[in-house]
Amino acid sequence: MLFKLSFENMKKSFKDYAIYFLTLVLGVAIFYMFNSLDSQQAMLTVSDSTREMIKLMIDMLGMISVFVAIVLGLLIVYANSFLINRRKKEFGIYMTLGMGKWQISKIILLETILVGILSLLVGIVIGIFASQFMSILVSKLFQADMSEFTFVFSKDACMKTCVYFAIMYVAVALFNTITVSRYKLINLLTALRKNEKVKIKNPFLCVVVFILASFVLGYAYWKVTGGIQTMNTADKILHVIIMGIVSTIFIFWSLSGFILNVIKSMKKVYLKGTNMFVLRQINNKINTMVISMSVICLMLFMTISILSSSLSLRNTMQKDLEDMTPVDLNLYKTANLPEKMVNRYGKEIIYTKEQREDSKITIQETLKNCEFDSSVLKDIVEIPIYTSENLTLETFFGDSVEEVKAKFSMLAYDTVEQIVKVSDYNKIASLYGNTQYDLKDDEYLVVCDFKSMEEIRNQILKKGNHTLSIAGKQYQSKEKECQNGFIVMSTSHINTGIILVPDSCPLKEEEKQMTFLAANYQATTNEQRDNIQAMFARKDSSFLQKLASQGIIIEDMTKITIIESSVGVATIVTFIAIYLGIIFLLASSAILALKQLTESSDNQQRYSILRKIGCDEKMINKALFRQIGIFFAMPLILAIIHSIFGIQFVLSMITGLASCEDLLPSIVVTVIVIGVIYGAYFLATYMGSKTIIKEDS
């Protein structure tokens, strides 16, 4: 009997369950998709390092799934509370007919189980098929071979999804039981007649609070953009975050206190059509859900910032890889090793006689001594790189150093500058396809491609007449700004500065900091390339083992390794961002939708009054559409404003990974994602609210 009643109730109330069901299905599908990657990776043909990256990503997604489950659990509890409140009168009638609270709880429990099972089945089916596209996406992002692609079903992901959501439904069932047990019959029967108490705020106080909150928010915006140099510790960043959160809350708190009065003063607008009704409804909503609107706004802000920043980072890193990996191999070793030295961690390192002797010869000689077959390499270029204790970053800034320190206190000013003779640099530049330079005997150039450091150096160079003392001789800067270029390959533009000097500069042999070699593989097939790569990338390489046995320290950087690591980092960031972004977007959209449906249910009588005073259905639907549109737009607009500055801050913090400049493609993708999901919830809310307000007509 109770099961039949529960089933009939669920069918009858499907319009109430629609958004709830949609949220559950999407949550289950997304949860399954992102937790099924461990099964999908088995069919991808990738290198060992890439497989390790994929494993790391899967482990991180597993940990993040716990947080996602908590978010979805809270969302389900919130959604269920809406459904319970929506049916108070129905439960009151049940109690009037003699049904006990325990039996009502059983009905709700059965309905929860039915909806839960249905949403799990539909969500997992959608997730299974969607995860196949996820496999293709993973293979594209990690540049994997999908020749062995097959349809994959992940038992572990399915089990994990069922367990997590079963726990959520149990929590919901307990919550519902406790909620129903507290209801009194009189409150259930008169629930629809009760109006929410709205406290009238002082308009003057609200204006003052709004202005102050806007000022504090503007200051926070400035700190994360113009004052970014001073935000070099976690506590300073936390202060700005707190300012942003508190300001957001007070902006929504103050809006309801004066916005209606402002519109009321505009008689032509306020008295037109149903504007009076719509504005008062919106005013009451903001007044009664300040915290909810603030939380939704902040979740939307995180969605926009996370998606835009991560997608931009990945796109930029991919573009940077093309520029930053012009050859197959970089080798470099420290020159002129002392008998012992203290590293940056304060640990003393003692070098053997063999290591010190090897540090005085070229890399090519070292390879020859280790019986390395140099015929596997071509286009070999080797150059020395010098340093001078008298030329540090502080020396470079000269008389302006205090001014620079005041703005950029985080820089390591005792860092020695790298010095390269211009002809040596041109050899590397020619091999890389970069710009080559020429210098007179009294000139120098700064080659730099790390944007932040380039801007700092240019502030000094633009003043003109900037001279440096190198090897006992004065040199004048040829240009008033840094020139683009680099020597060592990397994942992005991170060259903080190399001083190019003329060949006549009397640099001493003992000032040589390192020897650097760049070369390409002598390979025409992928198999040949992989065999040469294995000499430098695999730990069991006989060549590397021979170097280790002799205590020889040669660092290597290969194009393949750089690309694999860069693609791995970018993909991990992108996947986590998409996962969290979509979950935050679902949560914020669902909360708005459910709150609006609750309001529509509570305001049935008000819409009935509109009909009685002569408003036709077209006017009422238009008023409802504008009301819901403004309700959905308000947190989104403030979130977009937050994001304009938040994205700049995030990108400035990750300039070490990539210098993100072209944000348009990632913003377009973010707009599409938000438009589809947020827009779908908006339309579903509008259609559901239309149905609700017609119930008593």
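Brief remarks on what is shown
- Under Karplus coefficients 6.51, -1.76 and 1.60, residue-wise ³J(HN,Hα) of segment 214-220 in Hz, glycine/proline x: 5, 5, 4, 5, x, 5, 5
- Debye-formula intensities of segment 358-461, expressed as log10 I(q)/I(0) at q = 0.10, 0.15, 0.22, 0.24 Å⁻¹, are -0.43, -0.83, -1.25, -1.35 (one equal scatterer per alpha-carbon, no solvent).
- As a length-normalised measure over Cα pairs under 8 Å and 6 or more apart, the relative contact order of segment 319-467 settles at 17 percent.
- Length released on extending from SER423 to ILE291, taking residue separation times 0.36 nm less the Cα-Cα span: 41.1 nm
- Cα gyration tensor shape for segment 309-351, rounded if a/c is under 1.5, else prolate or oblate: oblate
- Shown is the FRET efficiency for GLU322 and MET687, computed with R0 = 35 Å from the Cβ-Cβ distance and rounded to the nearest 0.05: 0.15.
- Our analysis of segment 505-602 gives Rg over Rh at 1.38, with the two radii drawn from alpha carbon positions and Rh computed by the Kirkwood formula.
- J(HN,Hα) series, segment 374-382, from Karplus relation 6.51 cos²θ - 1.76 cosθ + 1.60, nearest Hz, glycine and proline x: 5, 5, 7, 10, 9, 6, 6, 10, 10
- Under a model in which nothing but the beta-carbon of Lys, Arg (+1) and Asp, Glu (-1) is charged, segment 341-452 shows a dipole of about 340 debye around its Cα centre.
- In this structure LYS360 has an accessible area near 120 Å², from a 1.4 Å probe over the protein heavy atoms.
- When the convex hull of its Cα atoms is projected in every direction, mean area for segment 476-559 (nm²): 8.9 nm²
- Exposure of LYS407 as accessible area (Å², to 10), given a probe of 1.4 Å and all protein chains: 100 Å²
- Euclidean distance between Cα centres, segment 442-463 to segment 259-305, Å: 50 Å
- Shape class for segment 236-356, computed from the alpha carbon gyration tensor (a ≥ b ≥ c): prolate, with a/c not under 1.5 and a/b above b/c.
- LYS360-ALA406 FRET efficiency (beta carbon distance; Förster radius 45 Å; 0.05 resolution): 0.60
- FRET efficiency, 1/(1 + (r/R0)^6) with R0 25 Å, evaluated for LYS347 and GLN550 via beta carbons: 0.65
- Per-selection Rg to Rh, segment 399-505 - Cα, Kirkwood hydrodynamic radius: 0.95
- Overall form of segment 461-520 per C-alpha gyration tensor (a/c, 1.5; a/b vs b/c): oblate
- Taking a point 7 Å from the Cα of VAL170 along the Cα-to-Cβ direction, the residues of segment 57-73 with backbone N closer than 19 Å to it are 66-73.
- Rounded to the nearest 10 square angstrom, ARG280 shows an accessible area of 100 square angstrom against a 1.4 Å probe.
- In segment 356-459, taking the dipole from charged Cβ atoms about the Cα centre, the farthest positive-side position among SER375, VAL420, VAL447 is held by SER375.
- The length gained on full extension between VAL671 and ILE245, counted as 0.36 nm times the residue separation minus their Cα-Cα distance, comes to 151.0 nm.
- Net length gained if the chain between GLU394 and VAL71 were fully extended (0.36 nm per residue, minus Cα distance): 111.4 nm
- Close amide H contacts of LYS421 (hydrogens built in the peptide plane, cut-off under 5 Å, sequence separation of 5 or more or a different chain): VAL501.
- Proportion of all alpha-carbon pairs of segment 553-600 beyond 17 Å (%): 60 percent
The values are calculated or read from the model by the stated rules, or taken from the named source; none is laboratory data. Keep in mind the model is a prediction, meaning the values are calculated, not measured. Glycine gets a Cβ as well: all are built from the backbone with ideal geometry, and neighbour counts include every protein chain shown. Heads up: the accessible areas ignore ligands, DNA and RNA and are worked out on the full protein's heavy atoms, side chains in. Shrake-Rupley method; radii C 1.70, N 1.55, O 1.52, S 1.80 Å.
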